[in-house]
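Okay, structure first, notes after.
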């Protein structure tokens with residue numbers, strides 16, 4: 001038998017095969033053709049450009065819409081091709097003012113209208129079968145929420161990863177400006193079309209070093225100089241330091257949580273910048289009876305396991321994107337709605353809900369000499385004090401940042417040696433303690449300055465004495481709430497924890513006056529935070545006595561998971577990021 005010559009593989013086919021192997025995706029069903037820079041008109045005459053990934057099959061599936069401000073290069077081809085290779089049309093569109101699309105890019109604003117206009121254009125395409133799904137992470141997730149402030153009737157399913165619906169909430173944390181994250185993201189976007197994809201990835205890895213001297217500048221309005229007018233919105237944000245200012249309404253798509261009706265897959269990380277918002281989305285959809293799946297992994301914002309997210313998204317779309325046809329609308333691909341990674345044990349748990357129904361609150365009280373114990377304090381007048389100096393602000397270590405190299409769970413040992421960081425620790429645990437849900441810290445404080453921040457952090461201290469952060473929260477106080485010389489109760493809801501403290505480990509609570517440059521330092525004067533250079537230190541007293549029992553409360557499970565013998569982690573659990581396909585925010 002004579003065998004003819006093989007048809008040569010196109011670069012895109014080789015690229016797709018490499019992605020399929022790396023991400024352990026199911027076998028592809030068809031080849032793909034790509035239409036580049038397809039013009040899509042908006043209602044105001046602006047033209048947005050999109051790439052159309054078309055499946056070479058006689059029975060195409062619904063269309064997947066992905067809208068991005070980061071371009072349509074190889075990073076996002078990696079995201080689009082897996083769906084097209086399994087029968088879906090994919091429209092990967094550049095947001096207004098980016099990568100050839102007309103108009104001016106202003107983060108968040110206008111995405112609802114442009115998304116609706118894109119769906120209107122899809123209705124005119126002969127390859128569109130009348131069914132639409134949306135997919136994407138971070139800013140690509142925000143565009144999905146923007147679309148669903150008025151959900152189109154064609155929408156059948158959504159998959160939103162590391163997902164904000166409120167960009168204002170991402171910019172402020174209980175009144176504290178997210179300095180590092182907002183400057184980092186603005187600088188990334190301002191230069192992305194000038195540096196190219198590969199150099200852009202290299203710059204991401206060097207962000208911390210490049211921005212370190214800039215983030216120390218006062219007034220913080222001067223940090224905008226690094227942007228060279230490339231991101232005018234950043235300086236505008238600094239001029240509006242009050243998140244309740246109506247100015248910020250344009251950055252919210254919160255109404256979508258009350259209007260989405262289609263099956264929605266949510267994927268987040270325990271150290272993700274947007275984990276609080278993803279949990280709000282989950283509760284809102286669950287409480288309304290919307291089919292919702294939730295995956296909570298060990299990731300930070302820049303280390304999402306893209307292969308896992310793609311596998312779960314493909315399964316979700318295969319179940320729901322066709323709508324009610326084929327009887328698939330009520331057939332979830334998941335054994336339980338929730339998958340949660342438990343750090344410490346390094347295991348996945350399949351759960352009917354989050355947090356688990358059997359979690360019960362347990363309380364530890366702050367004690368003299370830096371102790372943390374189950375018994376309430378009995379002393380009459382005990383406090384522990386520290387002095388916060390904005391001229392030498394308490395540094396941030398790890399946590400929910402967009403750093404490629406320093407986000408997530410990190411060694412806090414050096415930080416905890418500082419005089420402006422208080423620690424309260426249990427004795428070594430006699431048996432494991434598993435926490436699942438939101439810890440709450442209630443502190444009774446007094447101060448000589450009504451303008452101050454309180455930052456609380458939960459850590460796991462191992463047998464060697466290494467302290468690693470699990471979750472944290474900050475709150476900005478003003479004299480209206482914290483009158484100098486008087487006692488004020490401050491309650492901080494930390495972010496989600498899914499973790500086992502093993503026997504021999506210690507539970508530790510940190511208390512300090514800030515985490516710079518993750519959050520802009522509190523200058524201590526009440527002057528405009530963007531333009532002031534005047535600094536006033538603060539002495540803060542944390543009371544822990546019988547009258548003012550400061551405490552840590554955590555949802556604890558009755559039967560802790562043992563550690564897995566072989567870790568099947570979707571990513572390095574503590575420090576190393578997973579290689580991702582490109583910037584995500």
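What follows is calculated from the coordinates using simple rules that are stated; it is not laboratory data. Since the model is a prediction, treat every value here as computed from it, not as a measurement. Cβ atoms come from the backbone with ideal geometry, glycine included; neighbour counts cover every protein chain shown.
For the ranges 83-95, 246-258, what's the packing order if you count other beta-carbon atoms within 10 Å of each residue, average per peptide, and put the highest first? Don't skip to the end; give the middle numbers.
On the way: 83-95: 25.0, 246-258: 16.2.
Peptide ranking by packing, descending: 83-95, 246-258.
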**Study point:** Peptides 65-71, 280-286, 441-447 ordered by average Cβ neighbours within 10 Å, highest first
**Key:** 65-71, 441-447, 280-286
Check your understanding: Tell me, what is the FRET efficiency for residue 379 and residue 206 to the nearest 0.05, using R0 = 45 angstrom and their Cβ-Cβ distance as r?
Key -> 0.35
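Normalised by the empirical 2.2 N^0.38 Å for globular proteins, what value does the Cα Rg of segment 141-266 take? Show your work: numbers first, answer last.
On the way: Rg = 16.9 Å, N = 126, 2.2 N^0.38 = 13.8 Å.
Normalised by 2.2 N^0.38 Å, the Cα Rg of segment 141-266 equals 1.23.
How would you rank 471-483, 232-244, highest first, on the average number of other Cβ atoms within 10 Å across their residues? Intermediate values should be presented prior to the final figure.
Values: 471-483: 18.2, 232-244: 16.2.
Top to bottom by mean Cβ count within 10 Å: 471-483, 232-244.
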Study note, to complete from the structure: In degrees rounded to 10, the 0-90 angle between helix 275-287 Cα long axis and the longest Cα principal axis of the chain is 70
Check your understanding: When the helix-only estimate is applied to the chain (DSSP H runs of n ≥ 4, each -39,500 (n - 2.57), divided by the residue count), what is the mean residue ellipticity at 222 nm, nearest 500 deg cm²/dmol?
Key -> -6000 deg cm²/dmol
Study note, to complete from the structure: So, with points 7 Å from each Cα along the Cβ direction, the residue 480-residue 113 label distance in nm works out to 3.3
Check your understanding: Any idea what angle helix 74-84 forms with the longest principal axis of the chain, computed on alpha-carbon atoms, 0 to 90 degrees, nearest 10?
Key -> 60
Exercise for review: Report, in degrees rounded to the nearest 10, the 0 to 90 angle that the Cα long axis of helix 11-23 makes with the longest principal axis of the chain.
Suggested key: 40
Review point. How large is the convex hull of the Cα atoms of segment 360-557 per residue, expressed in Å³ as a whole number?
Key: 117
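Could you calculate the FRET efficiency of residue 249 with residue 104 from 1/(1 + (r/R0)^6), where r is the beta carbon distance between them and R0 is 22 Å, rounded to 0.05?
Numbers: r = 19 Å, r/R0 = 0.89.
The value I calculate is 0.65.
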Point to revise | Euclidean distance between Cα centres, segment 367-381 to segment 52-66, Å | key: 63
Practice item. With Rg and Dmax of the Cα atoms in Å defined as stated, name the option among (i) 24.7, 96; (ii) 64.9, 189; (iii) 24.1, 78 computed from the structure displayed. Key: (i)
